[in-house]
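The values are calculated or read from the model by the stated rules, or taken from the named source; none is laboratory data. These numbers come from a predicted model, not from an experiment. Cβ placement follows ideal geometry from the backbone for every residue including glycine, while neighbour counts extend to all protein chains displayed.
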Amino acid sequence: MRPRALRRVAIPTLPLATLLVSLTPVPAAAQEEDAPRAVLITGTSSGIGAKMTELLSRNGFFVYAGARKPEDLARLDAMENVKAIRLDVTIPGEIEAAVATVRAEGRGLYGLINNAGIAVMGPLIEQPEEELDRIVDVNLLGPYRVTKAFSELLIESRGRVLNVTSIAGIVTGPFIGAYSMTKHGLEAYTDALAAELGRFGVEVAAVEPGNYRSRITASMVRRMKEAGYSPEGSRYGSMLDMIGGPLDRSQFDEPDDVARAALAFLTAESPKRRYMVVPNRGEAEVTIRGALQELAQLNQGQRFSFSRDELVAMLDDALASTRTSESDGGAVLSGSTTTPAGAPGATTLHGAIIAGDIDAVAALIEGGADPDAREPAGESTPLITAATFGRVDAARALIAAGADPDLRNRDGSTALITAAFFAREEIVADLLAAGADPTIRNNGGATALDVVAAPFEAMRPYYDQLRVALAPAGLELDYERIEATRPRIAEMLR
């Protein structure tokens, strides 16, 4: 049978909860085994960048510390396992020179931490456009420029990129809108970059600090005064009065926990996509509630609104998908815990399957759970979820419980089409033995044979995309296995 045109080979719809964070293991960097891994950090003169430099240089890393002032460069250069580099993230020539220096040193580059940032403050309807230009240039375009310049070195080492955003990129308030805009943009940049670099084995994450001590506010005050700031004519009063009060950062703790999050990201076998690090429960609650409020607003009164139970099921699956990283990437952070088996994420069939908890799957089936219960995001059945993640034992338990192998998800894919796409040979065999119909076509017109018989290289971009998207649940796509297995599955389906 000739495979159908590639444009008609639709990718199976997958559970929404699996798209939330990234946790794919990364091979060791392409450096000498005994040599310390090299990391470049921007904005290391004080605050978070300085703490990261101190901690990483004491824990097995060689740090290229980016700064601008001569006195800061001299102080950093005197530290063990640190080489100071003059680096203004808004000046392409300095970025190019930094790349040349790192290449000449011969250590390669395993990690890049985009930390350099500034703050501006003011009401958005009064703020001068040049202030927005400046903060975007540093906070958002800076990481873009630096990451792009060092991308070849990072790909060579299969390394890692950490963007320092802020909880202000999740929630915001009056007078910090410009800052929040850049940090929210950096959150989106992190996710897009992770999807693009994942195919090369490069991990990307964001760390979202709460309120910690830094000089970012003092630097902002200095720039405002140098620019001749005046509250005259403002509807909101003096910003300097507010900065001297509730926004003074000298009252906060040192950002040691943020530095530990960077160390966790660089050393974890399965790093998290996001590391929110806050000094107290109150800031954590404000941030999480803010994210949930946005979810509720997105769901409110739209054509395809989900019920409370459906939203809770999505949350359960999302919690299950993050379990594998809690005992790894989060272990360095104070107060982190591991979610035990049987936690909320394992209370639905989909959550238990994603987590690979076969005991929970069996218990749920014995307790009367519907083996054909659809998850609300893509309407995938438990069998489709098992086929997606290669959970052979779960698939067999579902088949034994009477699950219908021919039920289709929102894009028309069955468990057989999904298993063929992901080259799950054992599950394909079990589904065929259970009577799965190989002639069913998905909404793109493709059968299971069409999906698996399409040229591998033509399908690779889809695998690349899904490798990153499904990494939250600990899924790894072994391309050699997939390419080798697809012909055998094609023969089974002919």
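Before moving on, here are some points about what is shown:
- Some residue of segment 288-304 being at pLDDT below 90 and outside any helix (DSSP H, G or I): no
- Tally of residues being touching a residue at least 40 places away in the same chain (Cβ under 8 Å) and out of contact with any helix residue (DSSP H, G or I) (no Cβ under 7 Å at 6 or more places or on another chain) across segment 368-389: 2
- Condition met for R488 (at pLDDT 85 or above, in a loop (DSSP other than H, G, I, E, B), surrounded by fewer than 24 Cβ atoms within 10 Å (Cβ to Cβ) and among the basic types (K, R)): no
- Taken over segment 166-200, the criterion of being under 21 Å from I48 (Cα atoms), charged (D, E, K, R) and surrounded by fewer than 21 Cβ atoms within 10 Å (Cβ to Cβ) is satisfied by E187 alone.
- Contact map, segment 425-453: residues that are assigned by TED's automatic domain parsing to the domain that holds T485 paired with residues that are surrounded by fewer than 15 Cβ atoms within 10 Å (Cβ to Cβ) and in a loop (DSSP other than H, G, I, E, B), Cβ distance under 8 Å, separation 6+ or inter-chain. Pairs shown: T447/T439; L449/M1; L449/R494; A453/M1.
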